[in-house]
Amino acid sequence: MRMFSKALFYSGVAFALLLVASPAFPALRAQAQSISCDTPAQKAVCQAQYDQLQQEIVQQQQIIDQTRQQEKSISGDVTALNAKIAQAQAQIKAKNLAITGLSSQINQKAATITTLTQKINAGKASLASMLRQQSELDDYSAVEVALSSDDVSGFFADADAFTSVQRDMQSLFTGIRATQTQTEKEKDALATQQNQQLDAKKVVEQQQQQIASDKTQKQQLLAATQLSEAQQQAVLAANQAKAAAIKAALFPLRDAGAITFGDALTYAKLAQTKTGVDPAFILAILTQESNLGQNVGQCYMTDNATGNGKGKNTGTPFAGVMNPTRDVPPFLALATSLGFDPHTQVVSCPIKSVGGWGGAMGPSQFIPSTWAAYASRIASASGDSPANPWNAKDAVMATALYMADLGAGGGGYTAEQTAAAKYYAGGGWAGSAGQSYGTQVMAKVAAIQQNIDFLANNS
């Protein structure tokens with residue numbers, strides 16, 4: 001016969017109720033909300049340094065603004081560059097201070113989350129013990145009670161105790177759920193801060209690169225002051241020629257004809273006005289897709305019923321070129337709207353290593369069903385109706401709209417990298433394939449931004 005342990009039961013009740021009632025529990029929550037990143041003395045020192053750096057940044061900005069109002073000259077450019085270099089150095093120091101403080105906050109929040117999680121686990125274990133014992137009590141029959149060596153009054157006393165505890169269980173569960181919610185909020189806040197830290201580091205790295213570039217430009221300008229007017233004009237002409245070459249350079253687009261970088265940038269800037277997505281990031285996505293197109297091949301969808309097809313260049317049969325129920329109908333509708341032959345229009349082949357279907361269209365690589373869902377938004381934003389996935393302007397706008405929906409509209413390294421990973425891998429974006437894609441895109445962003453900056457300074 002099962003024997004019921006009063007001592008175990010009451011110890012479980014006491015521990016579980018203390019989880020919520022203990023004064024340390026609300027104090028722990030308050031600690032999670034009011035953690036400071038440093039001791040008061042350290043915080044005061046950091047704040048004073050940060051305030052001083054902000055004053056330096058403002059002073060250097062005033063010099064830059066005053067220089068812009070002056071007539072352009074080599075000496076004026078040198079003065080502006082000196083101010084920009086000093087300002088960037090102050091900004092780097094300020095960012096490093098912010099990162100240091102943020103690291104301290106993250107570490108302390110992580111410790112608090114660990115403690116909260118331990119409390120939750122302890123509470124769950126105590127509840128499980130209580131429920132197991134309650135189940136044992138509920139399973140007792142009248143015959144078992146009568147035959148038990150325990151007196152009947154003791155049994156009913158235990159039953160009354162359980163009834164009393166049951167009234168408190170709802171409060172206990174409420175407390176634990178609140179703790180779980182608080183823990184999740186802390187984890188979300190921690191993840192956000194980690195992203196902010198990474199973004200801050202990337203800003204610092206970019207500023208360091210800019211300082212190196214500015215110092216080189218300053219040296220070139222100082223050397224130019226020793227040149228004759230004709231020689232200075234030659235330097236200027238060389239920069240303008242380089243800018244023209246950048247604009248004229250062909251920008252490859254997957255499954256479509258290449259366009260000039262100047263046109264691509266114009267389309268990306270238009271897309272930025274509609275979506276907020278950075279032009280360099282848009283062009284980096286399209287560049288990455290163009291590179292992938294060289295590897296995964298091109299196909300035709302030749303069977304409307306199965307979605308099967310063949311390779312464009314080899315004629316090799318391919319199964320699963322396009323999903324027959326999800327994508328073939330909107331693809332056929334698009335063919336009618338734009339007037340192309342659906343069986344001789346290039347789409348992506350299925351990638352055997354990844355699995356799934358092919359059928360993605362044009363530079364933005366939208367599958368037909370996704371393009372159909374975005375078509376009206378693309379047409380409204382680009383001014384083209386109907387929207388065409390193989391048209392460069394529409395493809396750039398489509399990419400920007402989709403990336404904005406994935407969270408890239410606000411900018412920032414982590415937001416853009418995550419959006420790129422989701423663009424490639426969907427729900428599996430956190431895996432190695434998605435992360436690798438995102439990292440490659442962000443490397444291209446930096447290179448493309450250099451060209452954009454050069455054009456801005458020399459056009």
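Since every read-out is calculated from the coordinates, none of them should be taken as a lab result. From a predicted model like this one, the values you see are computed outputs, not experimental measurements. Neighbour counts run over all protein chains shown; Cβ positions are idealised from the backbone, glycine included.
Straight-line reach from Lys95: which lysines fall under 19 Å, measuring Cα to Cα and dropping same-chain residues less than 8 apart? Straight-distance partners of Lys95: Lys43, Lys84, Lys201, Lys202. Scattering from segment 242-458 was approximated by placing one identical point on each alpha carbon and applying the Debye formula without solvent; log10 I(q)/I(0) at 0.15 1/Å stands at -0.96. Taking amide H atoms as placed 1.01 Å from N in the peptide plane, the amide H of Ala258 lies under 5 Å from those of Leu253, each 5 or more residues away in sequence or on another chain. Pairs of Lys residues in segment 242-458 are counted when their Cα atoms are under 27 angstrom apart and they lie 8 or more places apart or on different chains; the count is 21. Here Thr344 and Asp263 are evaluated by their C-beta separation; at R0 = 41 Å the FRET efficiency comes out at 0.95. Classify segment 330-410: rounded, prolate or oblate, from the alpha-carbon gyration tensor (a ≥ b ≥ c, eigenvalue square roots; a/c under 1.5 rounded; otherwise prolate if a/b is larger than b/c)? Verdict is oblate for segment 330-410. Computed from backbone phi with θ = phi - 60° and the Karplus coefficients 6.51, -1.76 and 1.60, the 3J(HN,Hα) list for segment 363-371 is x, 7, 6, 7, 6, x, 5, 5, 4 Hz; x is used for glycine and proline.
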